[in-house]
Amino acid sequence: MEAEKKDVLILAIESSCDETAASVVRNGREVLSNVISSQIALHTQFGGVVPEIASRKHIEKINQVVTQALEDAQVTLEDITAIGVTYGPGLVGALLVGVAEAKAIAFAAKKPLVGVHHIEGHVSANYIENPELEPPFVCLIVSGGHTHLVIVKDYGEFEIIGRTRDDAAGEAFDKVARAVGLGYPGGPKVDQKAREGNPHAIEFPRAKVEGSPYDFSFSGLKSAVLNYINKAHMTGEEIPVADLVASFQNAVVEALVSRTVLAAKEYGYDKLAIAGGVASNSALREAMQNACDEAGLTFYHPSPIFCTDNAAMIGVAAYYEYQKGTRHGWDLNAVPNLKLGER
């Protein structure tokens, strides 16, 4: 009789920006707990994340969050197979807190340590609720710091075919939100306000990168929005905020959707996924669903809670890295500008 396969339980830690998170994931697909301590309220008064404050808050919260994740999953450290942790990219001070915590736990509990690339985590969020999804597929990764179009060749194996040449999509959302007085965090606030506006009210430019059909550029669009606002201020005209953000969002969504669907068709993949904080944007999800239906592609996306930073996605990525034999030593360090595909 074949011996029963033992469950692999990953305790995962994520602290790359302003969320202190811990999660227990079983066999790479089943989330037993997902605890997130968000600092949004703390940073809102500054209009963005203050790295020093974020790091201090992580130190305060991390033990509580890890303890809660184990409790919610109804497991102890003895039951855990390995410890997974985000080690880059992100804010260096914030990352260091998570890495130090993971190393301490792994050392004390005599468990293997698996460092995870934050963006690999975002892509892996798609596996949580889509048990049938397996590589290869095309994935659009859109967040505050990243806009990448990748082919997910295998678990943890990526080919980058497109990226932003300047601002990330999420960055553009934050800057436009700030310019029209919607505040921080910009993405969700623009998404909400845009529902009241006409997405075709103002014609903003769509940039194409010469010779690179899958690359993105959002700085020209951002400048066009800021110029529109400045001109209105100078002439004393009232700014139609809902129309303005709806038109801006429409331009961003169109650029993201058209390139991603084109890549899936031209590379011959019938599965397309989105990941990252901006992947929770309702206009992007709807437009991508419609474009995929039209092109005969299957569209995958994580629930909004798994789009923004969380440890469950890190646990999933850590599971596949663990299965491949990835192990890190006590010299694992935070790498704030870690590139996708780097180890």
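Stokes-Einstein diffusion coefficient for the range 209-343 at 10 °C in a medium of 1.306 mPa s, Rh from the Kirkwood formula over Cα pairs: what value in µm²/s? Working shown, then result.
On the way: Rh = 18.3 Å.
Rounded, D is 87 µm²/s.
If I histogram all Cα-Cα distances within the range 134-302 using bins 10 Å wide from 0, what percent of pairs lands in each bin?
The calculated distribution, bin by bin, is 11, 40, 33, 13, 3, 0.
Report the full-extension gain for the segment Glu157 to Asp293: residue separation times 0.36 nm, less the Cα-Cα distance, to one decimal in nm.
Here the answer is 46.3 nm.
Compute the relative contact order of the range 134-302 as a whole-number percentage, counting only Cα pairs closer than 8 Å that sit 6 or more residues apart in sequence. Walk me through the numbers before you get to the answer.
Values: 327 pairs, mean separation 45.3, N = 169.
Contact order relative to length: 27 percent.
Kirkwood-based Rg over Rh for the range 1-144 (C-alpha set), two decimals?
Value, to two decimals: 0.99.
Multiplying the sequence separation of Glu30 and Leu133 by 0.36 nm and subtracting their Cα-Cα distance, what value in nm do you get?
Working: separation 103, 0.36 × 103 = 37.08 nm, distance 1.38 nm.
Net length gain for the segment: 35.7 nm.
According to the square roots a ≥ b ≥ c of the eigenvalues of the Cα gyration tensor, what is the shape class of the range 283-329, taking rounded for a/c under 1.5, prolate for a/b larger than b/c otherwise, and oblate for the remainder? Walk me through the numbers before you get to the answer.
Working: a/c = 5.03, a/b = 2.16, b/c = 2.33.
It comes out oblate by the Cα gyration axes.
Would you please put 167-175, 305-313, 123-131 in order of how densely packed they are, using the mean number of other Cβ atoms within 10 angstrom per residue and starting with the highest? Can you show the working numbers first?
Working: 167-175: 24.4, 305-313: 26.4, 123-131: 22.0.
Order by mean packing, descending: 305-313, 167-175, 123-131.
Which of the lysines could be linked to Lys57 by a straight reach, that is with a Cα gap under 21 Å, when you skip same-chain ones fewer than 8 residues away?
Lys103
So for each of 35-46, 255-266 I average, over its residues, the number of other beta carbons within 10 Å; can you give me the resulting order with the highest mean first? Please list the in-between numbers first.
Values: 35-46: 14.9, 255-266: 20.2.
In descending order of packing, they fall as 255-266, 35-46.
Compute the length gained on full extension between Phe46 and Lys339: take 0.36 nm times their separation in residues and subtract their Cα-Cα distance, giving the result in nm to one decimal.
Values: separation 293, 0.36 × 293 = 105.48 nm, distance 2.83 nm.
Answer, rounded to one decimal: 102.6 nm.
Would you please give the residues with an amide H less than 5 Å from that of Thr164, counting only those at least 5 places away or on a separate chain, with H modeled from the backbone geometry?
Thr147, Phe216
In degrees, nearest 10, range 0 to 90: what is the angle between the Cα axis of helix 51-73 and the longest Cα principal axis of the chain?
The angle comes out near 50 degrees.
Using the charge dipole of the chain (Lys, Arg: +1 at Cβ; Asp, Glu: -1 at Cβ; taken about the Cα centre), state which of Val335, Val123, Val190 has its Cα farthest towards the positive end.
Val335
Only bridges whose two residues both fall in the range 134-302 count here: according to DSSP, what percent of them are antiparallel, nearest 5?
Working: 12 of 20 bridges.
Antiparallel bridges make up about 60 percent of those DSSP assigns within the range 134-302.
Taking only the C-alpha atoms, wrap a convex hull around the chain and report its volume per residue in Å³ as a whole number. Walk me through the intermediate numbers first.
Working: hull volume 47.5 nm³, N = 343.
That works out to 138 Å³ per residue.
Just going by the charge dipole of the chain, with Lys and Arg at +1 and Asp and Glu at -1 on Cβ, which of Gln289, Gly162, Phe306 is farthest out on the positive end?
Positive-most Cα among the choices belongs to Gly162.
In terms of modelled amide H atoms, which long-range or inter-chain residues lie less than 5 Å from the amide H of Gly183?
When sequence neighbours closer than 5 places are left aside, the close amide H contacts are Arg178.
To check my understanding: the extent here is largest minus smallest coordinate of the Cα atoms along each principal axis. What are those three numbers for the range 130-185, in Å, largest first?
Sorted largest first, the three principal extents are 42, 27, 13 Å.
Lysine pairs in the range 134-302 8 or more apart or on different chains: how many have alpha carbons under 17 angstrom apart? Write out the running numbers ahead of the final one.
Numbers: Lys153/Lys265; Lys153/Lys271; Lys175/Lys189; Lys175/Lys193; Lys175/Lys222; Lys189/Lys222; Lys208/Lys222; Lys222/Lys231.
Qualifying lysine pairs in the range 134-302: 8.
State, as an integer percentage, the relative contact order of the chain based on alpha-carbon contacts under 8 Å between residues 6 or more apart.
Relative contact order, the chain: 24 percent.
Return one number: the angle in degrees, 0 to 90 and rounded to the nearest 10, between the long axis of the Cα atoms of helix 118-129 and the longest principal axis of the Cα atoms of the chain.
That works out to roughly 80 degrees.
Relative to the Cα centre, what is the charge dipole magnitude of the chain, using +1 at the beta carbon of each Lys and Arg, -1 at the beta carbon of each Asp and Glu, and rounding to the nearest 20 debye? Let's see the in-between values first.
Working: 30 positive and 43 negative charges, 125 e Å.
Charge dipole of the chain: 600 debye, to the nearest 20.
Since every read-out is calculated from the coordinates, none of them should be taken as a lab result. As the structure is a prediction and not an experimental result, all values here were calculated from the model. Ideal geometry is used to build each Cβ from the backbone, glycine not excepted, and the neighbour counts take in all protein chains shown.
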